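What follows is a short report on a single structure.
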């Protein structure tokens, strides 16, 4: 997957840079260089709080663009609501397309959406997330968002 992530990162990175015009300081680039080296032997968890709906794909595009040749596996926690075709068809299509790009999605139920799912459904999704997260984080170059 490394070559695929590198190519994908360059394409998505160019699109994201044009669309959002983000800037990276020299200090941040040094930290990313160190992170790239770290990923040779370890895995990472990337956590961020949503500012807008597109920030998840933007962060993913940025990481693939800057770390793509160091990434071996990518997992993403996603809202089950947005992964469900009956509730959010467009989001579900986009999120499911990520698997074609080598991004493993782990749907989870958000706190505000608990009443839409049974306890058993929520528990199953949570167990799938934990199992998948362990797989991603057990290998060098694993990235969990």
Pairs, first at negative phi and surrounded by fewer than 13 Cβ atoms within 10 Å (Cβ to Cβ) in segment 119-145, second at pLDDT below 95 and assigned to a helix (DSSP H, G or I), C-beta under 8 Å, six or more apart: none
Across segment 41-51, which residue is nearest to the chain's Cα centre (by Cα) among those that are surrounded by 10 or more Cβ atoms within 10 Å (Cβ to Cβ) and modelled with pLDDT of 95 or more? 45
If we scan segment 134-142, do we find a residue that is at pLDDT 95 or above, closer than 21 Å to residue 55 by Cα and in contact with a helix residue (DSSP H, G or I) (Cβ under 7 Å, 6 or more places away or on another chain)? yes
Being surrounded by fewer than 18 Cβ atoms within 10 Å (Cβ to Cβ) and touching a helix residue (DSSP H, G or I) at 6+ places or on another chain (Cβ under 9 Å) narrows it down to one residue among 13, 54; which is it? 54
For the list (1) surrounded by 14 or more Cβ atoms within 10 Å (Cβ to Cβ); (2) in contact with a strand residue (DSSP E or B) (Cβ under 6 Å, 6 or more places away or on another chain); (3) under 22 Å from residue 8 (Cα atoms), I need the number of the one condition that residue 108 fails. (3)
Can you find even one residue in segment 15-36 that is at pLDDT below 80 and within 28 Å of residue 138 (Cβ to Cβ)? no
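The values are calculated or read from the model by the stated rules, or taken from the named source; none is laboratory data. Computed from a prediction, not measured in an experiment: that's the story for all the values here. When we count neighbours, we look across all protein chains shown, and the Cβ atoms used for this are built from the backbone with ideal geometry, even at glycine.
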